[in-house]
Structure formats: structure tokens, C-alpha cells
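The values are calculated or read from the model by the stated rules, or taken from the named source; none is laboratory data. Worth saying up front: this structure is predicted, and the values here are computed from it rather than measured. Every residue, glycine as well, gets a Cβ built from its backbone with ideal geometry; the counts of neighbours run over all protein chains shown.
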Amino acid sequence: MHYLRSRIMEELDISHLTEKLMHGKGESSAPALTPKEKYDTWEKIKILSFTRTVSSIWAMTLLSLYVRVQVTILGRHLYLDFARVTDGAQLQEGSDTFSKSGHKDFLATADYLATYGINALITKMQHAATEILKEKQLKDPMGIDEVLETILQILKQFMGLCEDNSWINYLVPENANVYAQLMAVSSSGFDDSSLLKDVRKLDQLMSETRIVLSRNIMDRSLKKIASVVVEDLAVQIGAPIPPPGLPLAKLLAKVAQLSLPLLEEPDKNKHIQIIRSMPEVELFYTFLYANMPPET
């Protein structure tokens with residue numbers, strides 16, 4: 001999660017834009033910004049602030065669900081392998097083969113989002129945010145409920161842009177052979193085909209994961225986390241926001257900061273704990289372990 005956080009903060013850094021606004025006010029030797037330059041800078045801050053937080057909501061939620069899917073699928077495979085084998089020697093051999101050929105490599109795909117998928121995710125999320133926010137002016141009042149609705153609209157727009165569940169490609173490698181090649185290059189520093197392993201088991205596990213992720217369990221989790229995030233925003237603001245709300249420009253800094261707690265390490269991340277404790281999520285994984293994913 002630490003690397004994912006650093007990637008999102010790096011790709012969606014807003015500090016240079018806020019500094020540009022400060023310098024443009026004449027607080028430095030830099031020339032003052034023209035009205036158009038000031039407007040364009042604020043518009044970029046608006047888009048990036050929401051993109052950063054909504055990307056963090058999506059990435060944290062999906063990665064949390066993905067890791068649990070991995071563990072559940074592996075557990076079911078191990079159980080079935082043990083159940084099918086009756087001879088002690090065959091049991092040991094089958095267990096070792098599974099562990100070495102698929103177990104470690106499959107679990108390592110949890111890093112795929114932060115390492116390879118994050119740039120494409122951010123680009124698509126920024127397109128979604130731009131579309132939803134284009135009619136929202138900086139002076140327009142916005143209340144807490146409207147912030148939540150805006151976040152949910154961006155998430156919906158993002159998923160709509162990802163045709164045929166293509167968002168799964170941000171989390172799970174499309175091709176086991178290509179992924180194995182990437183890992184070989186990463187570990188050796190050069191393209192060494194001798195480091196490639198038999199990827200049949202990895203390919204099987206990845207295929208099963210893609211099927212499971214294509215189900216609808218994430219929608220409820222995303223909505224739940226979005227609600228919690230907006231509750232945190234209300235706490236940050238402190239005093240109740242009088243209707244019809246605060247100017248959007250005054251909310252942007254706080255919206256951007258909402259991304260930080262979302263990407264805390266799992267043992268300190270209340271959002272991950274909330275997802276894990278959702279009854280529908282627990283039920284989903286119970287059925288998944290039994291190889292009967294429910295329709296949701």
C-alpha cells in the first residue's frame with residue numbers, strides 16, 4: 001500500500017499548482033498570473049483534487065478485495081488438491097508443485113496495480129472527473145451530500161469508460177506469459193528467457209480471479225467507502241455547512257487530503273477494516289471458497 005500511495009501522490013501532485021497561484025498573487029518575484037492563467041490553474045486543481053481522492057477510493061477498495069480473492073482462491077485450490085490425493089508421497093509432491101509453480105507468483109500480482117496499472121487507471125479516472133466536473137464552477141456552492149454525489153458520479157463515469165470490464169486489466173495481468181517475462185526482466189535487469197517458469201498454474205489462477213472480479217461485489221464496497229470518506233470530510237470541516245454549501249474552491253484542498261488516510265497501511269487503515277467487515281463481502285467470500293460465487 002505504501003508504494004501505491006507514493007505512486008498516486010506523485011502522479012497527482014497538486015503542490016506545484018498551488019505554488020503557482022501563490023506566486024501569481026505577487027508573493028514572489030514571479031509575474032502575476034493573467035485571469036485566464038489563474039482560471040486554468042484552478043480548473044486543474046479542481047480536476048486533480050477529485051481525481052486523486054476518487055482514484056484512491058477505487059484503488060484501495062479494489063486492491064483490498066483483490067487480495068482477499070487471491071487468498072480465497074488459493075485456499076480452495078490447496079484444499080481440493082489435498083482432498084484429491086490419498087497417498088502421502090503424492091500429497092507432498094502435489095503440494096510442492098502447486099506452491100512453487102503458482103502460489104508465490106500469483107500472490108505477487110497484488111503489486112501489479114501500483115507497478116504497471118496505476119498510470120492507465122489515473123488517466124481514465126481523470127477523464128471521468130473532467131466530464132463530471134465540467135459544469136461545476138469554482139464559485140458554485142457545494143454541500144456534503146453533493147460532494148458524495150459527485151464522487152459517485154465520477155466512479156460511475158469511470159466504470160462506464162471501462163468497456164467489457166477492462167478495469168480488471170489495471171489489477172490483473174492480461175497475459176500470464178507476458179507478466180512472467182516482466183517479472184524475469186525485473187528480477188534480473190535484462191531479458192533472460194531462462195528465468196521464465198511454467199506459467200500454466202499462474203494462468204489458471206489469474207483467469208479464475210478475472211472471472212470473480214467481474215462480478216458486482218465491488219459496487220457496494222465503493223459506495224460504502226465513498227460514504228465514509230465524505231463523513232470524514234464533514235468532520236474535517238468541523239462546523240455544519242450552512243445551506244446551500246461552501247464554494248467549491250474552498251473545498252478542494254480538503255477533498256484532495258481525503259486520499260491520504262485511504263492509502264494507509266492495512267493495519268492502520270480503517271477503510272480496509274470496514275470493507276472486510278461488510279456482511280455481503282463476507283458472504284461473497286464464503287461462497288467463493290465453496291466454488292459457488294453468488295450473483296450480486
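Does residue 10 satisfy the condition of being outside any loop (DSSP other than H, G, I, E, B), surrounded by 13 or more Cβ atoms within 10 Å (Cβ to Cβ), among the acidic types (Asp, Glu) and at pLDDT 85 or above? It would help to see each step written out before you state the result.
On the way: outside any loop (DSSP other than H, G, I, E, B): yes; surrounded by 13 or more Cβ atoms within 10 Å (Cβ to Cβ): no; among the acidic types (Asp, Glu): yes; at pLDDT 85 or above: yes.
Taking the combined requirement at face value, the residue does not satisfy it.
If you go through segment 78-110 one residue at a time, how many are β-branched (Val, Ile, Thr), surrounded by 15 or more Cβ atoms within 10 Å (Cβ to Cβ) and modelled with pLDDT under 70?
Total satisfying the criteria: 1.
Assess whether residue 259 counts as being within 16 Å of residue 154 (Cβ to Cβ) and not β-branched (Val, Ile, Thr). Let's see the steps before the verdict.
Details: within 16 Å of residue 154 (Cβ to Cβ): yes; not β-branched (Val, Ile, Thr): yes.
When the stated conditions are applied, residue 259 passes them.
Could you tell me whether segment 123-141 includes any residue that is over 23 Å from residue 14 (Cα atoms) and outside any helix (DSSP H, G or I)? Full working, then the answer.
Our first condition is that a residue be over 23 Å from residue 14 (Cα atoms); within segment 123-141, this holds for none.
The answer is no; no qualifying residue exists.
Only one of 243, 247, 261 is modelled with pLDDT of 85 or more, in contact with a strand residue (DSSP E or B) (Cβ under 9 Å, 6 or more places away or on another chain), under 28 Å from residue 139 (Cα atoms) and not acidic (Asp, Glu); which?
Details: 243 fails: modelled with pLDDT of 85 or more; 261 fails: in contact with a strand residue (DSSP E or B) (Cβ under 9 Å, 6 or more places away or on another chain).
Matching residue, one of 243, 247, 261: 247.
In segment 238-253, which residue that is in contact (Cβ under 8 Å) with a residue 40 or more places away in the chain, out of contact with any helix residue (DSSP H, G or I) (no Cβ under 6 Å at 6 or more places or on another chain) and in a helix (DSSP H, G or I) is nearest to residue 174 (Cα to Cα)?
253
Within segment 38-77, how many residues turn out to be in contact with a helix residue (DSSP H, G or I) (Cβ under 7 Å, 6 or more places away or on another chain), surrounded by fewer than 17 Cβ atoms within 10 Å (Cβ to Cβ) and either modelled with pLDDT under 90 or charged (D, E, K, R) (or both)?
The total comes to 4.
What number of residues within segment 238-273 satisfy the criterion of being surrounded by 17 or more Cβ atoms within 10 Å (Cβ to Cβ), in contact with a Lys or Arg (Cβ under 8 Å, 6 or more places away or on another chain) and not small (Gly, Ala, Ser)?
Total meeting the criteria: 3.
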